[in-house]
Amino acid sequence: MSRRKLDHYRFSAEAHNVIEAGKPLYTQIKGKWNEVYFKNENPVVLELACGKGEYTVGLSARFPEKNYIGMDLKGDRIARGSQLASEKNLSNVAFLRAGIQYAHEFFDRNEVSEIWLIHPDPQVRARDEAKRLTNLRYLNDYAAFLKPDGKFCLKTDSTFLYDYTLETIEKSGMYKIIEHTSDLYNSHLLDDHYGVTTHYERIFTAKGYTIKYINAVVL
């Protein structure tokens, strides 16, 4: 492991805004994000597979009246988001280091107001469908965490994942698709993203890929 990664892991271990295995809140936070961590009743917004936390930090700076949680398994990525949030003195941000498949261990029913999924791995091979973060199993989990009329948003450069997710949402019967577009940058929906982009999104658009977007709510 590189020294840089080791430094990131050490930072996460000491950071007050990172919840990970070995820290007390890791096993105590479910159902208590507002009460124990944020200490307010503001809406909780969850970014899954948050990577370096660019969306989590970007939105939290713009909307201090909401609480933001970035969730990812990669500790070195989490550390970068954590550090950026600390540098910006953002008190409405937390990072959770855990696999998405274990999200039910950290979030209670109706605890989350919005879920954002930004450029996840599309997992295009048929044998990898179980890994797709918009398959029926995951959509069921998200619906349980979300409050009534809670929002689920996907942003992706993958036409495959976009089409698959539209189909799977319809099939689930748990969500209503409010709006969607296969070309966000040339859509009236672009303002929904408040100018927040990720490193990979900038790479995709520079290569000529269009960005797809789905906005759905729990029924």
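Bear in mind these aren't lab numbers, they're just calculated from the coordinates by the rules spelled out. Keep in mind that what you see is a predicted model, and the values were worked out from it rather than measured.
When the convex hull of the Cα atoms of the stretch 16-136 is projected onto a plane and the area is averaged over all directions, what value comes out in nm²? If you can, show how the numbers build up before the last one.
Values: hull surface 29.8 nm².
Mean orientational projected area (the stretch 16-136, Cα hull): 7.5 nm².
Got the relative contact order for the chain handy, in percent, Cα pairs under 8 Å and 6 or more residues apart? Could you put the intermediate results ahead of the total?
Details: 402 pairs, mean separation 41.8, N = 219.
RCO, the chain: 19 percent.
Could you work out how far helix 3-14 tilts from the main Cα principal axis of the chain, as a 0 to 90 degree angle to the nearest 10?
70 degrees
Which of the lysines could a cross-linker bridge to residue 23, judged by Cα under 22 Å and excluding same-chain residues fewer than eight apart?
Hits, sequence-local ones excluded: 5, 32, 39, 52, 74.
Given H placed 1.01 Å from N in the peptide plane, which residues other than close sequence neighbours of residue 93 have an amide H under 5 Å from its amide H?
68
What are the principal axis extents of the Cα atoms in the stretch 116-182, in Å, biggest first?
Principal extents (largest minus smallest coordinate, Cα): 33, 24, 19 Å.
Expressed as an acute angle from 0 to 90° and rounded to the nearest 10, what is the orientation of the C-alpha long axis of helix 159-172 relative to the principal long axis of the chain?
Helix 159-172 and the main axis of the chain meet at about 90 degrees.
Report, for the chain, the % of DSSP beta bridges that are antiparallel, rounded to 5. Could you put the intermediate results ahead of the total?
Values: 12 of 34 bridges.
Antiparallel bridges: around 35 percent, rounded to the nearest 5.
So what's the angle, to the nearest 10 degrees on a 0 to 90 scale, between helix 136-145 and the longest Cα principal axis of the chain?
50 degrees
For the stretch 175-219, count all C-alpha to C-alpha pairs, find those more than 14 Å apart, and express that count as a whole percent of the total. Provide the component values of the computation, followed by the final result.
On the way: 531 of 990 pairs.
Percent of Cα pairs beyond 14 Å in the stretch 175-219: 54.
Quick one: check the C-alpha center-to-center distance for the stretch 76-94 versus the stretch 167-219, whole angstrom.
25 Å
Cross-link list 147/171; 66/131; 155/176; 66/207: which exceed 26 angstrom alpha carbon to alpha carbon? Write down the numbers at each step before the final one.
On the way: 147/171 20 Å; 66/131 29 Å; 155/176 17 Å; 66/207 34 Å.
The answer is 66/131; 66/207.
Mind checking Rg over Rh on the chain, alpha carbons, Kirkwood formula for Rh?
Values: Rg = 16.7 Å, Rh = 17.6 Å.
For the chain, the value is 0.95.
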